[in-house]
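A.B. asks: A single structure is presented below for examination.
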Amino acid sequence: MGDRQNVKKIAIIGAGIAGLSAAYVLEKEAADNGISIEIDLIEKQSRIGGNILTERKDDFIVEGGPDCVFSEKPASLKLCEKLGLEKELLKTREEKKGTYVYWNNKLHDLPEGVILMIPTMIMPILLSSLISFPGKMRMALEPFIPKRSNLAEESLSHFVTRRLGKELLDKIAEPLVAGIHAGNPKSMSITASFPRFVELEQKYGSLIRGMLSRRKEMVSMMKGRTPKYTMFMTLKKGLQELTDNIQNTLIFTTKLTDKEVIAVIKKNSGYEASLKAGDIKFYDSVIIATPSYITSSLLRGVDSDLADKLMEIPYVSTATVSLAYSVADVNHIKNGFGFIVPGISNRKIMAATYTSNKFSYRAPEGSMLLRCFVGGAQNEDLVFLDNKEMIQMVKTELKDIVNIKAKPIFIKIYRWEKAMPQYVVGHIDRIKKIEELSAKHPGLYLTGSAYNGIGISDCITTSHKVAEEAVKFLKADGQ
Ligand SMILES: Cc1cc2nc3c(=O)[nH]c(=O)nc-3n(C[C@H](O)[C@H](O)[C@H](O)COP(=O)(O)OP(=O)(O)OC[C@H]3O[C@@H](n4cnc5c(N)ncnc54)[C@H](O)[C@@H]3O)c2cc1C
């Protein structure tokens, strides 16, 4: 790719989906712009993929971290299509659809039509055994509550209570959001975590009216057509198919696994990265795709103000515990994608997914795979129970909540220590400041789940943007 003098060297630090997708876009954009590049993708662990981790056990497919992508944010699906993985994309098993909420010692249906946390169908709410009569009346008032004129960041609990009432917050919004962000609704920023809801309120004056109007548009757009995707999508062999496929397409990227970067400093017109093993490498540009508290420690020598701001983003730990059963032992669980557990129910797990009900190919005929979520902002200590205590705790929860008493065929535990960034109130300003400070260092870019969205698609979108910026910088630098 061109003569060696003009080859631009780039380091991408961290090989999760953010680092990998940055490498993917960088290669394509550099080729399109006629720039010769060599990328070092530097990863601390022996494996590439970060939180995306799929394991095969017998004929089961077990996801350690994320298990699906949200199709309303299409970046992951588009990337799968570009990688030729369209045929591997897997819809949810709509015939098994349904979510339950554990409240007052039993499972209730999450009323049909509740999208994320906003009710969009009247009858299912009216008939719901989950919400009390005063709670239903309070929800019905939502369209008449004036929109907020103050646009300062607001906490999730304040926003939901203000619009839909405390009961909806406690029984629906909090557990649904805990399942995604593992966060505490009192400190989480609605503006940073779910900007769409704030936009709906501002545009339509009501979340319910806004959602209904969007639903109508969707229905008329889709008239007579089968939707290409369901709300949640995955890949047949598991989400690691995505990260494995990205790395297999990379041509100008050297993957340096088992290599931990301990510092980045400015040198001449580029950057030097020091590895724990002692090597020091020079790069024209550096993209850092590690969790922000690690990025902070790497950049202390470049800009201490930036390092301080990065350190302000809190993280929490979670764990997933997958259990395989013989169908004969759990044949009372026929339908549903799983249940969520509101904090007010005072249980130890946050949620459980009936994995093999949600997606095909997850368990062999005659077996069922189920996955529990542990930890998060409200119960973080539980992540660090030893395996024996963790298994005992999860089994007790499953017995009490869903009456599973059988011995599992196997159990797999994955702990995700400080892996979930928390978008607490103040996040938007913090990110603005981080962007301002990092812009003072040409050729330095930050990406990952800490900044502009925690989902896989958000990471891909952020990485796409920074890779394009890096190519612009390298192009200008070469002229
Ligand atoms: C349990 C769980 C379930 C989730 N479920 C979903 C879901 O269903 N759908 C969804 O869209 N999102 C989900 N998410 C969120 C999503 O998985 C993450 O936001 C995303 O994978 C983060 O990718 P990343 O590349 O930013 O970070 P990571 O995957 O954390 O990658 C960062 C990489 O940097 C490496 N690294 C760290 N320090 C160094 C260093 N000093 N030198 C070199 N390398 C270093 C790490 O080893 C790691 O590989 C879930 C997250 C968790 C934890």
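The values are calculated or read from the model by the stated rules, or taken from the named source; none is laboratory data. Worth saying up front: this structure is predicted, and the values here are computed from it rather than measured. We place every Cβ from the backbone using ideal geometry, glycine too, and count neighbours over all the protein chains shown.
A.B. asks: If the requirement is being near the ligand (Cβ under 9 Å from one of its atoms) and closer than 30 Å to residue 368 by Cβ, which of these qualifies: 63, 72?
C.D. replies: After applying the criteria, what remains is 63.
A.B. asks: Pull up the range 234-265, narrow it to residues that are β-branched (Val, Ile, Thr) and out of contact with any strand residue (DSSP E or B) (no Cβ under 6 Å at 6 or more places or on another chain), then point me to the one that is farthest from the ligand (Cβ to nearest atom).
C.D. replies: Applying the filter and picking the extreme gives 251.
A.B. asks: Since residue 62 meets every condition but one in (1) more than 18 Å from residue 352 (Cβ to Cβ); (2) surrounded by 19 or more Cβ atoms within 10 Å (Cβ to Cβ), which condition does it not meet?
C.D. replies: Among (1) more than 18 Å from residue 352 (Cβ to Cβ); (2) surrounded by 19 or more Cβ atoms within 10 Å (Cβ to Cβ), the lone unmet condition for residue 62 is (1).
A.B. asks: For the range 333-353, what are the residues that are within 15 Å of the ligand (Cβ to nearest atom), within 21 Å of residue 415 (Cα to Cα) and either in the same structural domain as residue 178 (by TED's automatic domain parsing) or not β-branched (Val, Ile, Thr) (or both)?
C.D. replies: If the condition is that a residue be within 15 Å of the ligand (Cβ to nearest atom), within 21 Å of residue 415 (Cα to Cα) and either in the same structural domain as residue 178 (by TED's automatic domain parsing) or not β-branched (Val, Ile, Thr) (or both), then 338, 350, 351, 352 are the ones that fit.
A.B. asks: Let me ask another. Going through 132, 187, 155 one at a time, which residue ends up being at pLDDT 90 or above, out of contact with any His (no Cβ under 7 Å at 6 or more places or on another chain), polar (S, T, N, Q) and closer than 15 Å to residue 201 by Cβ?
C.D. replies: Criteria check complete, one pass: 155.
A.B. asks: Scan (1) at pLDDT 95 or above; (2) out of contact with any Pro (no Cβ under 9 Å at 6 or more places or on another chain) for the single condition residue 479 breaks and write down its number.
C.D. replies: (1)
Rundown of residues vs (1) more than 7 Å from the ligand (Cβ to nearest atom); (2) surrounded by fewer than 23 Cβ atoms within 10 Å (Cβ to Cβ); (3) small (Gly, Ala, Ser), yes/no style:
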| site | (1), (2), (3) |
| --- | --- |
| 23 | yes, no, yes |
| 26 | yes, no, no |
| 37 | yes, no, no |
| 55 | yes, yes, no |
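A.B. asks: Going by the structure shown, is residue 153 out of contact with any Pro (no Cβ under 8 Å at 6 or more places or on another chain), surrounded by 16 or more Cβ atoms within 10 Å (Cβ to Cβ) and in a loop (DSSP other than H, G, I, E, B)?
C.D. replies: It is true that residue 153 is out of contact with any Pro (no Cβ under 8 Å at 6 or more places or on another chain), surrounded by 16 or more Cβ atoms within 10 Å (Cβ to Cβ) and in a loop (DSSP other than H, G, I, E, B).
A.B. asks: Another question about this same structure. Can we say residue 323 is without any contact (Cβ under 8 Å) to a residue 40 or more places away in the chain, away from the ligand (no atom under 12 Å from the Cβ) and more than 21 Å from residue 231 (Cβ to Cβ)?
C.D. replies: Taking the combined requirement at face value, the residue does not satisfy it.
A.B. asks: Still on this structure, I have one more. Restricting attention to the range 295-306, which residues are under 22 Å from residue 9 (Cβ atoms) and near the ligand (Cβ under 10 Å from one of its atoms)?
C.D. replies: Listed by number, the residues that qualify are 295, 298.
A.B. asks: Is there a residue in the range 212-222 that is part of a helix (DSSP H, G or I), surrounded by fewer than 17 Cβ atoms within 10 Å (Cβ to Cβ) and touching a residue at least 24 places away in the same chain (Cβ under 8 Å)?
C.D. replies: yes
A.B. asks: Do any strands (runs of 3 or more DSSP E) entirely within the range 260-336 hold 1 or more residues that are of a type outside the set (S, T, N, Q), crowded, with 19+ Cβ neighbours inside 10 Å and touching a Leu at 6+ places or on another chain (Cβ under 6 Å), and if so, which?
C.D. replies: Passing ranges, in order: 261-267, 285-288, 315-326.
A.B. asks: Among the residues of the range 445-470, which ones are surrounded by fewer than 24 Cβ atoms within 10 Å (Cβ to Cβ), assigned to a loop (DSSP other than H, G, I, E, B) and near the ligand (Cβ under 7 Å from one of its atoms)?
C.D. replies: The answer is 454, 455.
A.B. asks: Quick one: residue 125 ticks every box in (1) touching a residue at least 40 places away in the same chain (Cβ under 8 Å); (2) buried (at least 17 other Cβ atoms within 10 Å of the Cβ) bar one, so which box is it?
C.D. replies: (1)
A.B. asks: Evaluate the range 339-362: report whether one residue or more is in contact with a Ser or Thr (Cβ under 6 Å, 6 or more places away or on another chain), within 22 Å of residue 392 (Cβ to Cβ) and at pLDDT 95 or above.
C.D. replies: Checking the range 339-362: not a single residue is in contact with a Ser or Thr (Cβ under 6 Å, 6 or more places away or on another chain), within 22 Å of residue 392 (Cβ to Cβ) and at pLDDT 95 or above.
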